Structures are given as structure tokens and as C-alpha cells.
Amino acid sequence: MRPRPFGMTVSVAAFGLLGSLVTACGSSESDATTLRLVAPEYGTGPATSSKAYWDKLTAAFTAAHPGKKVEVTLYPWADIDREVTRMVEGDDAPDVALMGAYSDFAAQGRLYSASEVLSVRAEANFLRPLAAAGTINGNLYGLPFVASSRLLFYNEELFDEAGAKPPKTWSDLKAAAKALKKDGVLYPYALPLGPEEAHAEALIWELSNGGGYTDESGGYNIASEQNAETFNWIKDNLVTPALTGPIPPAQLNRQDAFAAFLRGDVGMVNGYPSLLHEARAKGMKVGTLRMPVSDTMGDERTPPAAGVADWMMAFRHDGNHELVRSFLDFVYEDKNLSDFAERYHLLPSTVSATEASQYAAADHSAEQFLTALRSAQLYPVDEPSWLQASNTIKRNIGKAVAPSADPKAVLEQIAQQVKDETQQR
């Protein structure tokens, strides 16, 4: 993936978070009393750093398991995949890692399956679409930790001023965008197809027209007719009439689109729970909807929302099995999982933690995200080539809506490049 609902690429060195947390990596033989965890930094500064959560959790784990220790290393999101890969290639994998992709390591036979490190009850507790995405050949290797679904956000005040109506179909969305533009809104619909997370925005649109990245057999289907129709519509109906703002979509990154939304410059943008929390903290009136569907599908059909998750994975080492099992059972207790999810306004990955979520109970919009997640379509993270394929999509999919582009040809070029990269593996 990089399936980032959370997407906070931070420079840890910039605010000095790692000093007390980073520990030297040991040998490839595991210490049966010390578990090494590598995880990403979800915070944006010292006040929101993930360090506080892991300090509290590991202290509680140690108290409950005398003689056991947990050493935690945090990396920025921009570095976590590369650093864990470097460790694995150097035969120095951690005991547990939390990151955006798992299938490459599973394909190499380096991971424990869930049945080896979780109780039957804990394994059965994951939300169904997340468990399906974490499964390869019938075995769950990617243990979903926190997740998110995407909804369409709209600025209610801008809509009221422009006389626009919340859209249910693509034609409704275009009509609302035209009304917003006429009223002077800078970004009637923010379309972030820049390299930061273009694959997420693209998937949201593809799903709303019955498409996606894969076909029913699970193989890549990037240049499908539905996807080509989708990008043709976006180009002709939003980009060409200048309804997507002053920055070309291929150059607009998600964080920039979100910042513009929080400034009040965006009428509509696809977002996730933490953006909603930020907007409401600023006093904004924000409505949330499922992504409008194409007019050919009709508003009576409800395609799946786009969902994303981050994954725990347990690496095989001689002597670490029982320690890993004890730690993961502790991590996935409802309270511990919910504490992390609510700290960052994300969604817990299990049925029981979701049902007990105070976040959802307190906010109807949060319940919308949870409802969407239960039937969401995730990236094909069970495909070992996905991390490389997603990078190819992120770098190129924005070209499909450029003024002189042939969307079908651009999609075919991406599909061919992904095929070539997959065959080289």
C-alpha cells in the first residue's frame, strides 16, 4: 500500500523523538526475554508522538510479564518500509514490525501466521475486509492494526453560500462544483493525484464506477474499460472545465489538498477521520457522504468505499515464538487497540474494539467511517508486488487527466510497467 489513511511523513530528527526509544539492533537470533518492535511515527511533533503510547503499553506489558522487555524503534512513515527491508536483508529483522506492507516478507517465508501467534478468538476478531486483505493462500500474515475508510467531505458553509446540493452521482458532483466555482471557491473539487498518495484518490474514483486495481480473479486490471471511462469523465467534466483548482491534479498532493480544505478554500475532497477531527476542531461545518457513483451505475447501487490499513507482522526467529505471542495478544486487547486508534482518530481493526469505540458512539460521522470500512475494498496488499506497483501508480496516474492525455493510453502504460516490474521479481 502505501495504504496511508494516516500519511504523516515526519522528520523525527527535526523534533528529537528517537533518543530514548531507539535501541541497537541485536543479532538474528532472538533474545527470549527482549522483544524488538519497529513502528512508524504517527504523530506530528512531541505533543502527539507515538512514543507516549508505546511507553505506556510496553510498561504495562512488562509489569504483566516480569522479566520480559520490549525495545521500540520509531521511524518516519517515509522511512519505515525501507528500514525494515534493510534489516530483513541484513538478517537482522525485528521480532514485530508495524508498517504499510507485509506480503513481500510473507512470500519469503519470514513471517509467522496469525494462527501461530494469536488465539483462535483473537484471529477471528478482525474485521472481515481487513482479514481478507491480510490473507495469502488461506493464512493470515498481515495482522491489521488500525484502519480507515474514505468519505467525501464537503464544506457546508460553502455549499450553502453557493446554493449547491450534496451529490449522490457524478453529475451531481459536477453540478455542485460548477456552483462552487461560480461563487468563487478556489478548489470546487480538490483532486490530489500528485505522487504522495495518488493511488488512493484513483481507487476511490475507480470503485465508484465499478472498477478498481484488480479483477475478480485478483490479477491487476489497471487499464480496464471501467477505469478508462472513469479517468475520461474526470478529465472532461472536472479538469478541463477548471473545477479542480489552480494546481494541476498531477502536482496536487493529499496533504496540500487537506491544508486547503482546512483553510476553507475547498468545496469537496475525499478524506479520512483525522481530517474530520481537525476540521471540526477549527469550527468548520463539514458534511460527509459516501463517494458519489457514476451515472451509469445509478445512485441505487452502493459500491464499496476505499479502505486502508496498517499491518503488524511477526518475524520468525529461533526462540521468540512465545514472547511474540504474549506481546501480540496484549497489543490486540480492546483497550490497548482502542487507545491507539482514538489517539489518532483512526478506526480499530477488530470487531469487539469497533463495537466498544467511544469515538464512533460520540459522532455520527465516525460511525459512517466504520460502516464503510466493514464492506470496504482495500488495496491488493496480499500481492507481493503491490508496494512497487503502488509507487508506479502514484508517480504516473495523474498524467491520465492532463489536458493532452489519452487516459486509456496512460493506464495501459502504467499496467505494462507494473507487469514488467512484477515479472522481474
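Taking the range 32-56, which residues are within 26 Å of Gly319 (Cβ to Cβ) and open to solvent by 10 Å² or more (accessible area, probe 1.4 Å)? Scanning the range 32-56 gives Ala32, Thr33, Thr34, Arg36, Asp55.
Which one is least open to solvent (accessible area, probe 1.4 Å) among residues in the range 255-303 that are without any contact (Cβ under 8 Å) to a residue 12 or more places away in the chain and part of a helix (DSSP H, G or I)?
Checked the range 255-303; the qualifying residue least open to solvent (accessible area, probe 1.4 Å) is Ala259.
Here the condition is being outside any loop (DSSP other than H, G, I, E, B), farther than 24 Å from Arg280 by Cβ and hydroxyl-bearing (Ser, Thr, Tyr); of Thr230, Thr244, it holds for Thr230 alone.
Taking into account only those residues within the range 401-425 that are outside any loop (DSSP other than H, G, I, E, B) and out of contact with any helix residue (DSSP H, G or I) (no Cβ under 8 Å at 6 or more places or on another chain), which is farthest from Phe105 (Cα to Cα)?
Looking only at the range 401-425, we keep the residues that are outside any loop (DSSP other than H, G, I, E, B), and these are 401, 407-424.
Filter again for out of contact with any helix residue (DSSP H, G or I) (no Cβ under 8 Å at 6 or more places or on another chain), leaving 409, 412, 415-416, 419-420, 423-424.
On the way: Ala409: 33, Glu412: 29, Ala415: 24, Gln416: 25, Lys419: 20, Asp420: 21, Gln423: 18, Gln424: 17 Å.
That would be Ala409.
Number of residues in the range 343-368 that are open to solvent by 20 Å² or more (accessible area, probe 1.4 Å), at pLDDT below 90 and either in contact with a strand residue (DSSP E or B) (Cβ under 6 Å, 6 or more places away or on another chain) or part of a helix (DSSP H, G or I) (or both) equals 8.
Return yes when Glu206 is modelled with pLDDT of 95 or more, in a helix (DSSP H, G or I) and out of contact with any Phe, Trp or Tyr (no Cβ under 9 Å at 6 or more places or on another chain) and no when it is not. Judged against the criteria, Glu206 is not a match. Looking across Val117, Val185, Val96, one residue alone is farther than 30 Å from Lys394 by Cβ, buried (at least 24 other Cβ atoms within 10 Å of the Cβ) and at pLDDT 95 or above. It is Val117.
Conditions tested, residue by residue: (1) out of contact with any Leu (no Cβ under 8 Å at 6 or more places or on another chain); (2) of a type in the set (A, V, I, L, M); (3) over 30 Å from Ser338 (Cα atoms); (4) open to solvent by less than 20 Å² (accessible area, probe 1.4 Å).
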site	(1), (2), (3), (4)
Gly134	no, no, no, yes
Asn139	yes, no, no, no
Val146	no, yes, no, yes
Leu152	no, yes, no, yes
Gly163	yes, no, yes, no
Thr169	yes, no, yes, yes
Lys174	no, no, yes, no
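The values are calculated or read from the model by the stated rules, or taken from the named source; none is laboratory data. The structure presented is a predicted model; accordingly, all values stated were derived computationally and were not measured. Here the Cβ is made from the backbone with ideal geometry for all residues, glycine too, and neighbour counts use every protein chain on show. Keep in mind that these areas ignore ligands, DNA and RNA; they rest on the heavy atoms of the full protein, side chains included. Shrake-Rupley method; radii C 1.70, N 1.55, O 1.52, S 1.80 Å.
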